[in-house]
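Asks: Handing you a structure now.
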Amino acid sequence: MGSHRGSKTGGRDEFCSVGDCLPSYAVRISVRARRARLVMSAAGGLEIVVPQGFDTARIPKLIHDRRDWIARAAQRVEKERRRLREEPPRLPDRIVLSALGETWEVQYRSNEACSAGAVRRAVARESAGGRLTVTGDLGDAQACKEALCRWLRRKARESLGLWLAEISGRHGFEYGRVTVRLQRSRWASCSPRKAISLNARLLFLAPEIVDHVLLHELCHTVEMNHSPRFWILLESHDPEYRAHRRLLRAAGTSVPTWLDHGPSGRQV
């Protein structure tokens, strides 16, 4: 979960080749980190998050000591990459938002003005009966995908903000500004000013997992780290957090592949 904010050395990523026995990795310096930690993702590979002032000469030993974890994480990541490669990139005919208990049947309607070359982006509109209509140039699959993504962000802003307010009130937390984005790697994050950022992809997860993510970030408004105090606090509000964390690690498969692919067209 992306609760740390900071800058990566050498720009966005600094990939380091450290010998035949160690994998390539990226280093990210985090102003909130209290210790070094390892993160593995399909998008970024292996990332080492370190606090400011950390001696990077210690990283090879850290990687060596965690080699069993790295091997297991790499297998999970490769499985996710293989899923993205094998599932054809196509626009959806149905969108299931498990967090909200909603299923939307997607229809695509050609807009003659767009097809004729007029400058008008595709739009996605809801209608009765759980129907979602995308109107635009059906020959431009990327524009149709972007319309669906804008709709997904709107749904997330409408629902996740209220969800966070309800759960924070029930558990006695206070937080600052809330933003909703559509990100690849982080489910959520919390800044030192208690501003919380949420990923619209949360809508594809089970409600209890969304609860867990929100409580995790709310606990960061009190403990701005992953110290033992943080985990004790989280457990007091989410007694099953260990099981929820395990489920969250595998939750990427719940997100449809059309979000990550550049779709080639609509399934027929």
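The values are calculated or read from the model by the stated rules, or taken from the named source; none is laboratory data. Because the structure is predicted, anything quoted here is derived from the model rather than measured. Glycine gets a Cβ as well: all are built from the backbone with ideal geometry, and neighbour counts include every protein chain shown.
Asks: Keeping to the range 209-268, report how many residues are among the small types (Gly, Ala, Ser), within 26 Å of Val106 (Cα to Cα) and modelled with pLDDT of 85 or more.
Replies: Matching residues across the range 209-268 total 2.
Asks: Give the range 209-242 a look and list any residue that's in a helix (DSSP H, G or I) and farther than 17 Å from Ser168 by Cβ, or say none. Explain how you work it out, then say what you get.
Replies: The first filter runs over the range 209-242 and keeps only residues in a helix (DSSP H, G or I), leaving 209-220, 228-237, 241-242.
Matches in the range 209-242: Ile209, Pro228, Arg229, Trp231, Ile232, Glu235, Arg242.
Asks: Next up: Within the set of pairs 6 or more residues apart or between chains, which connect a residue that is more than 16 Å from Leu132 (Cβ to Cβ) inside the range 105-118 to a residue that is modelled with pLDDT under 75 and not in a helix (DSSP H, G or I) with Cβ atoms less than 8 Å apart?
Replies: Filtered contacts from the range 105-118: Ala113/Arg120; Cys114/Arg120.
Asks: Still on this structure, please answer the following. Please pick out the residue among Glu146, Glu166 that is more than 21 Å from Ala250 (Cβ to Cβ), surrounded by 15 or more Cβ atoms within 10 Å (Cβ to Cβ) and out of contact with any strand residue (DSSP E or B) (no Cβ under 7 Å at 6 or more places or on another chain).
Replies: Glu146
Asks: Considering only the range 216-233, state which residues are surrounded by fewer than 23 Cβ atoms within 10 Å (Cβ to Cβ) and of a type outside the set (Phe, Trp, Tyr).
Replies: Thr221, Val222, Glu223, Met224, Asn225, His226, Ser227, Pro228, Arg229, Ile232, Leu233
Asks: Further, regarding this structure: Within the range 212-228, track down each residue that is acidic (Asp, Glu) and either in contact with a strand residue (DSSP E or B) (Cβ under 9 Å, 6 or more places away or on another chain) or closer than 18 Å to Ala243 by Cβ (or both).
Replies: The one that is acidic (Asp, Glu) and either in contact with a strand residue (DSSP E or B) (Cβ under 9 Å, 6 or more places away or on another chain) or closer than 18 Å to Ala243 by Cβ (or both): Glu217.
Asks: Can I ask one more? If you check Ala141 against the conditions, is it of a type in the set (Gly, Ala, Ser) and in contact with a Pro (Cβ under 8 Å, 6 or more places away or on another chain)?
Replies: In short, yes.
Asks: Trp187 is checked against (1) of a type outside the set (D, E, K, R); (2) within 25 Å of Arg249 (Cα to Cα); (3) at pLDDT below 90 and fails just one. What number does that condition carry?
Replies: Only one criterion in (1) of a type outside the set (D, E, K, R); (2) within 25 Å of Arg249 (Cα to Cα); (3) at pLDDT below 90 is unmet by Trp187, namely (3).
Asks: Kindly establish whether Leu152 is aliphatic (A, V, I, L, M), closer than 27 Å to Val49 by Cβ, part of a helix (DSSP H, G or I) and in contact with a helix residue (DSSP H, G or I) (Cβ under 6 Å, 6 or more places away or on another chain).
Replies: no
Asks: Right, next: For the structure I just gave you, tell me whether Arg201 is closer than 26 Å to Trp151 by Cα, among the basic types (Lys, Arg) and buried (at least 18 other Cβ atoms within 10 Å of the Cβ).
Replies: Considered against the rule, which asks whether it is closer than 26 Å to Trp151 by Cα, among the basic types (Lys, Arg) and buried (at least 18 other Cβ atoms within 10 Å of the Cβ), Arg201 comes out as yes.
Asks: I've got another one for you. With Ser185, Ser127 as the choices, which residue is farther than 23 Å from Asp260 by Cα, small (Gly, Ala, Ser) and in contact with a strand residue (DSSP E or B) (Cβ under 7 Å, 6 or more places away or on another chain)?
Replies: Checking each option against the conditions leaves just Ser127.
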